[in-house]
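Everything on this sheet refers to the single structure shown next.
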Amino acid sequence: MIITQEYDVLIIGAGTSGAHLAKAVASKGWSVLVIEKLPREKTGTKYDIFHIEEREFARLGIPRPQKGEPGWAFEFEKNYNADPRTLYPKLQTNPIVGLHMHEYTLLLCDLAEKAGAEIMFETAFEAFTSDSYGKISGVTAVKNGETLSIKAKIVVDCSGIGAAARTSLPDTCVIDNKPLGDDDMFYVILRYVKIKNAKDYLDGSTFWAYYKSWIAPCADPEGAIIGIGACHSYEYAEKIYEEMEKTVPLPEYELVKIEKGRTPFTKSPYSLVTDNFIVSGDAGCLTKSVNGEGVTSSIYMLNIAADCIDRAFKIGDTSKETLWKINTEYNRTQGAEFAFLRALLTGVVNAADFNEFEYVFKENIINDELLNALNGSAVPAKVLIKAVANFVKGIVTKNIRLSTVKAAADAFKNAVDISSHYKKFPDSPEDFNEWRKTADNIYSKIGKIQ
C-alpha cells in the first residue's frame with residue numbers, strides 16, 4: 001500500500017541538525033515533515049555526551065539548558081593542550097557546556113513540533129522521486145512495512161554519516177555523491193571511567209594533538225571521558241591509545257563503559273545544494289577541523305539554509321540557482337575557516353614527530369595566546385615574534401628537522417591558498433566547475449590526515 005503525503009520541506013534525520021532546521025523552517029510558516037529511521041527513544045544515542053561552547057548558544061539561537069534541566073550534564077572552562085608527555089601543558093580558557101546528546105536532541109525535536117513541524121519516527125528513506133524534468137520532487141520511505149510517497153518542494157539530507165540521500169544522487173549532480181572512505185572519518189572510541197583518587201578529579205579537559213586523544217569531564221564529577229579519534233579503523237585507534245598510555249600520565253581509573261562511533265573528518269562537498277535538495281550535518285561532513293564535532297558547525301550552515309529556503313518559497317523557485325546562496329554564504333565564511341585549519345593541521349600533524357611536538361610546547365612556540373586566538377583573540381605581536389625566534393632556534397639546535405619546517409611551510413601556504421579560494425566561491429553555478437578544478441588541485445597538495 002502506498003500512502004501519499006505532501007509538504008513544503010522534507011528532512012531526512014531527526015538528529016540535532018534535522019530537528020533544528022525543522023523548527024527554523026516551521027517557525028517561518030512552512031509545512032515540514034522530518035522522517036527518522038530510529039524510534040524516538042533511540043534517536044541521538046550514538047554518544048552520551050557532546051560539548052557546546054558557551055558563546056555558541058546565543059550566536060546560533062539554540063536552547064541553553066541550565067543545571068538540573070534536561071540535556072545539561074556539566075560545565076567547565078579550562079582546556080589544556082599538551083605535549084606527548086604532558087610536561088608543558090598550555091591553558092586555553094573557553095567556557096564549555098557538556099550535554100547529554102539524547103536529551104538535547106529530544107529537546108530540539110520538541111521545539112520543532114511546537115513550531116508546527118511533524119516528526120515521523122521509525123521511518124526510513126528509500127529513494128528519491130522525480131518530476132517530469134528529472135528533478136527531485138520528494139522521496140519514498142518505509143514505515144511499518146508500508147511504503148510512503150512523500151512529495152516535497154525541498155528535500156534535506158540530515159541522515160548522518162551514511163548520507164543515505166546524498167549518496168543516492170546521480171553522478172551528474174553538482175553535489176559529491178561518494179560515500180566516505182576510512183581515511184575520510186575518525187573512528188572515535190570513548191572510555192567513560194571512574195577516577196580512583198580524589199586528587200586526580202578533573203577541573204577541565206586536556207588534548208594531546210600528537211595522539212589525537214583527550215581526557216575531559218563527564219556527568220559524574222568523580223569520572224572522566226578518555227577519547228581517541230583516528231582514521232582507518234577502530235583497531236588502529238586502539239593501537240594509538242596503547243601508545244598514548246605508555247607516555248601520558250593518565251589518572252588511575254576504573255572503566256565504566258565504552259562508546260564507539262564515527263565522525264566525518266574531511267572537507268564538506270563543495271556544493272551543499274542542487275535543484276530542490278540540500279545536504280547538511282554529518283551527511284554533509286560539516287564537522288570542525290580541530291576536533292571533529294559537528295553540532296554547532298552544522299547549525300551555523302542550517303541558519304543560512306533556513307533563510308534561503310524561506311526566500312525560495314516566497315519567490316516560488318527552489319532551483320539550485322536560488323539555493324546557491326547557501327553555498328556562497330557558507331563557503332566564504334565558516335567553510336573558508338575550516339578549510340584553512342584542516343590544511344594547516346594536516347600538514348603539521350602528519351610531519352612532526354614525538355620530540356618535535358614536545359619541543360614546540362617546551363619552547364612556547366605553542367602558547368596560551370596562540371591557542372586562545374583560535375577562539376577569536378588576537379595574538380600579540382611580541383608573542384608571535386618570540387614563537388618564530390624559538391622556531392628558528394629549534395632548527396639551529398636540530399630539535400626541529402628541516403623536513404618538518406618545509407612541511408609546515410607548505411601546509412601554511414596550502415592553508416592560505418585554499419582559504420582564499422573558498423572566499424572566492426562563485427556567486428552562481430555557472431562558474432562552479434572552474435572553481436572546483438582549482439580546489440581539487442589545492443586539495444591534492446594538502447592530502448589527508450594520518
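The values are calculated or read from the model by the stated rules, or taken from the named source; none is laboratory data. Keep in mind it's a predicted model, so treat the numbers as computed, not measured. With ideal geometry, Cβ positions are generated from the backbone for all residues, glycine too; neighbour counts draw on all protein chains shown.
Out of (1) in contact with an Asp or Glu (Cβ under 9 Å, 6 or more places away or on another chain); (2) part of a loop (DSSP other than H, G, I, E, B); (3) farther than 30 Å from residue 244 by Cα, the odd one out for residue 47 is which?
Residue 47 satisfies every listed condition except (3).
Hey, can you tell me all the residues within the range 173-189 that are within 16 Å of the chain's Cα centre (by Cα) and crowded, with 16+ Cβ neighbours inside 10 Å?
180, 184, 185, 186, 187, 188
Given the criterion surrounded by 18 or more Cβ atoms within 10 Å (Cβ to Cβ), farther than 21 Å from residue 413 by Cα and over 17 Å from the mean Cα position of the chain (by Cα), identify the matching residue among 363, 356.
From the options 363, 356, the qualifying one is 363.
Given the conditions (1) more than 30 Å from residue 7 (Cα to Cα); (2) of a type in the set (A, V, I, L, M, F, W, C); (3) surrounded by 19 or more Cβ atoms within 10 Å (Cβ to Cβ), which single one is not true for residue 26?
(1)
Of all residues in the range 6-42, how many are farther than 19 Å from residue 138 by Cα and outside any helix (DSSP H, G or I)?
Within the range 6-42, residues that are farther than 19 Å from residue 138 by Cα and outside any helix (DSSP H, G or I) number 6.
Mind listing whichever residues of the range 225-239 are surrounded by fewer than 18 Cβ atoms within 10 Å (Cβ to Cβ) and under 21 Å from residue 206 (Cα atoms)?
Of everything in the range 225-239, those that are surrounded by fewer than 18 Cβ atoms within 10 Å (Cβ to Cβ) and under 21 Å from residue 206 (Cα atoms) turn out to be 238, 239.
Here are some residues: 61, 98, 71, 13. Which one is at pLDDT 95 or above, of a type outside the set (A, V, I, L, M) and closer than 20 Å to residue 284 by Cα?
13
Listed residues 53, 41, 36; which is in contact (Cβ under 8 Å) with a residue 60 or more places away in the chain, acidic (Asp, Glu) and within 25 Å of residue 225 (Cβ to Cβ)?
Going through 53, 41, 36 in turn, just one is in contact (Cβ under 8 Å) with a residue 60 or more places away in the chain, acidic (Asp, Glu) and within 25 Å of residue 225 (Cβ to Cβ): 53.
Answer with yes or no whether residue 58 is under 19 Å from residue 306 (Cβ atoms), part of a helix (DSSP H, G or I) and free of Cβ contacts under 8 Å to residues at least 12 places away in the same chain. Before the answer, list the steps.
Details: under 19 Å from residue 306 (Cβ atoms): yes; part of a helix (DSSP H, G or I): yes; free of Cβ contacts under 8 Å to residues at least 12 places away in the same chain: yes.
For residue 58, the condition - under 19 Å from residue 306 (Cβ atoms), part of a helix (DSSP H, G or I) and free of Cβ contacts under 8 Å to residues at least 12 places away in the same chain - is met.
Residues that are assigned by TED's automatic domain parsing to the domain that holds residue 282 and acidic (Asp, Glu): list the strands (runs of 3 or more DSSP E) wholly contained in the range 122-171 that include at least 2 such residues.
Qualifying strands (runs of 3 or more DSSP E): 146-157.
Pairs under 9 Å by beta carbon, first residue free of Cβ contacts under 8 Å to residues at least 60 places away in the same chain and assigned to a helix (DSSP H, G or I) in the range 286-301, partner surrounded by 19 or more Cβ atoms within 10 Å (Cβ to Cβ) and of a type in the set (Val, Ile, Thr), six or more apart or different chains?
297/287; 301/326
Of all residues being surrounded by fewer than 19 Cβ atoms within 10 Å (Cβ to Cβ), free of Cβ contacts under 8 Å to residues at least 60 places away in the same chain and assigned to a loop (DSSP other than H, G, I, E, B) in the range 61-88, which is farthest from the chain's Cα centre (by Cα)? Just the residue, please.
Per the stated criteria, the residue is 68.
Among the candidates 104, 47, which residue alone is buried (at least 19 other Cβ atoms within 10 Å of the Cβ) and hydroxyl-bearing (Ser, Thr, Tyr)? Walk me through how you get there before you give the answer.
Numbers: 47 fails: buried (at least 19 other Cβ atoms within 10 Å of the Cβ).
Within the list 104, 47, the selection yields 104.
Restricted to the range 240-263, and to residues that are touching a strand residue (DSSP E or B) at 6+ places or on another chain (Cβ under 7 Å) and basic (Lys, Arg), which residue is surrounded by the fewest Cβ atoms within 10 Å (Cβ to Cβ)?
257
Go through the range 131-144 and count every residue that is closer than 16 Å to residue 319 by Cα, among the hydroxyl-bearing types (Ser, Thr, Tyr) and at pLDDT 95 or above.
Qualifying residue count, the range 131-144: 1.
Of the conditions (1) under 23 Å from residue 85 (Cα atoms); (2) modelled with pLDDT of 70 or more, residue 367 clears all except one; give me its number.
Result: residue 367 passes all but (2).
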